[in-house]
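Enquirer: Pasting a structure below so you can have a look.
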Amino acid sequence: MPLTILVVDDDLGTRLSISDYLELSGYSVITANDGQEALAMVDECHPDLIVTDIVMPRMNGYELVRQVRQQPPFRLLPVILLTGRTKTQERILGYQSGCDLYLPKPFELEELAAAIRNLLERSQIIQSEYRFSHKENMGSTTPTKAVDAHHYLFTHIHQSQLIASLTSREQEVLELLTHGLSNAEMGQQLHLSPRTVEKYVSSLLRKTETSNRAELVRFAIKHGLVE
């Protein structure tokens, strides 16, 4: 069966052009006018990938991705954000919301198709590894060990995604945090103001779902986010 792609955009012309191109490329395509409609379709149709605009009525693309990521079955669902907004801060918001790729408009449909193919191939590999591990452990280990293997694989995938989501500056700040440096000391080494350093720390706390610096450092060491 062809893989299913959900295309979300309030502009009919954009929706149709993307849908037609992807259908000709061999995919099954479903569409939604906005984030709220798309969220319902995710639950109903379980697409293999989402392509969504950001600026839409009722629910924008950022919120759509955040709500999708809050549901365990869709935490690894590939998502591409499309938008005419090209400022760095807006791209950062896209990645912080949980998207896999941020593609600025205007874009070539061929480029979009290549990005989709790459993300789907990676997603299929992850799913295949999970199925193989699950099957192997179900046949040769106790149920408890099978659950442990599932947990290990999920943790490994989550860890890889988390590392990929960190910017180079966030990684630098995290490394210095593990050495017990203050905001001012980190700022001196990175040539940043203490306030800017604090923003990076806040972003790291949010991405790792930790509540303070001590927890953040322990999390980073435990999950191999620092050397």
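Enquirer: Extending each Cα 7 Å along its Cβ direction at Glu37 and Glu63, get the distance between those two points in nm, one decimal.
Expert: Between Glu37 and Glu63, the label points sit 1.6 nm apart.
Enquirer: Next question. Quick one: plug the Kirkwood hydrodynamic radius of segment 166-227 (C-alpha pairs) into Stokes-Einstein at 37 °C, 0.692 mPa s, and report D in µm²/s. Intermediate results must be reported in sequence, preceding the final value.
Expert: Working: Rh = 11.3 Å.
Diffusion coefficient, whole number: 290 µm²/s.
Enquirer: Sort 94-100, 49-55, 116-122 by packing, meaning the average of other beta carbons within 10 Å per residue, with the highest value first.
Expert: On the way: 94-100: 21.6, 49-55: 23.3, 116-122: 15.1.
Top of the packing list down: 49-55, 94-100, 116-122.
Enquirer: Still on this model: Mind grabbing the base-10 log of I(q)/I(0) for segment 4-122 at q = 0.11, 0.13, 0.18 Å⁻¹? Debye formula, identical points on the C-alpha positions, no solvent, two decimal places.
Expert: -0.30, -0.42, -0.86
Taken together, the values in this text are just the output of simple stated rules run on the coordinates, not laboratory data. The structure displayed is predicted, hence computed values, not measured ones. Note that each Cβ is placed from the backbone with ideal geometry, even for glycine, and that neighbours are counted across all protein chains shown.
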